[in-house]
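Have a look at the structure below before the remarks.
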Amino acid sequence: MNKKDRIFHHRISWASYAGMVVLAVCALSFLWHRERPASIVVGLLLAMVTVMVVERMLHTRYVFRGNQLHISRGRFARAQEVSVAHVSKVSVVSMPLGLRRYVLLQMDDGRELAVQPESEQAFMEEMEKRKNE
């Protein structure tokens with residue numbers, strides 16, 4: 001890691017926690033009531049999905065390296081590189097009822113990318129600083 005690298009960790013919302021708990025309870029319920037073999041299979045699949053969701057929530061991070069934004073979404077997903085120079089607009093988007101809040105990055109070619117850093121304002125300031133370098 002370079003001195004100029006800046007790391008932002010993923011913000012976990014209460015809706016994410018609630019979704020994780022629902023998945024875990026469903027998995028345990030299917031595994032508890034295992035009269036049919038299909039219940040065991042569904043329970044195991046839900047347990048695997050729960051592990052993947054928790055892994056993604058805990059290990060997602062956004063790293064600025066030079067003029068690149070490196071997005072790592074955990075061990076089970078492929079990392080993504082975004083050139084800061086190709087980002088045309090950065091804005092904060094809020095969903096109704098406060099279920100989700102994220103930073104939307106709009107690229108020059110029309111693509112959009114949503115990220116959820118813990119400190120949205122610092123993330124946007126770092127993005128502007130890197131873009132102006």
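Can you tell me, using C-alpha contacts under 8 Å and at least 6 residues apart, the relative contact order of the chain as a whole percent? Don't skip to the end; give the middle numbers.
Details: 194 pairs, mean separation 30.8, N = 133.
Relative contact order here is 23 percent.
I want to verify a result. In a Gaussian network model of the chain, Cα cutoff 10 Å, which of these has the top mean-square fluctuation: LEU58, LEU97, LEU28? In the Gaussian network model the winner is LEU97. The portion of the accessible surface of region 1-92 made up by carbon and sulfur, rounded to a whole percent, is 64 (1.4 Å probe; DNA, RNA and ligands excluded). By a 1.4 Å probe calculation restricted to protein chains, HIS33 has an accessible surface near 100 Å², given to the nearest 10.
Between ARG100 and MET95, the built amide H atoms are under 5 Å apart, and every one of these is 5 or more places off in sequence or on another chain.
For region 36-133, which chymotrypsin sites (Phe, Trp or Tyr not before Pro) are in a loop by DSSP, counting at most 12 other Cβ atoms within 10 Å?
On the way: sites: TYR62, PHE64, PHE76, TYR102, PHE123; in loops: PHE76.
Taking region 36-133 and a limit of 12 other Cβ atoms within 10 Å, the loop chymotrypsin sites (Phe, Trp or Tyr not before Pro) found are PHE76.
When Rg/Rh (Cα atoms, Kirkwood Rh) is calculated for this entry, the matching label among (i) 1.10; (ii) 1.03; (iii) 1.14 is (i). If the chain linking ARG61 and VAL25 were pulled fully straight, counting 0.36 nm for each residue of separation and taking away their Cα-Cα distance, it would gain 10.3 nm.
With R₀ fixed at 25 Å, the C-beta to C-beta distance from TRP14 to MET48 puts the FRET efficiency at about 0.55.
The values are calculated or read from the model by the stated rules, or taken from the named source; none is laboratory data. It should be emphasised that the depicted structure is a prediction, and the values quoted were computed from it without experimental measurement. Counting neighbours? That spans all protein chains shown, and the Cβs are built from the backbone with ideal geometry, glycine included. These area figures cover heavy atoms from the full protein model, side chains too; ligands, DNA and RNA do not enter into them. Shrake-Rupley method; radii C 1.70, N 1.55, O 1.52, S 1.80 Å.
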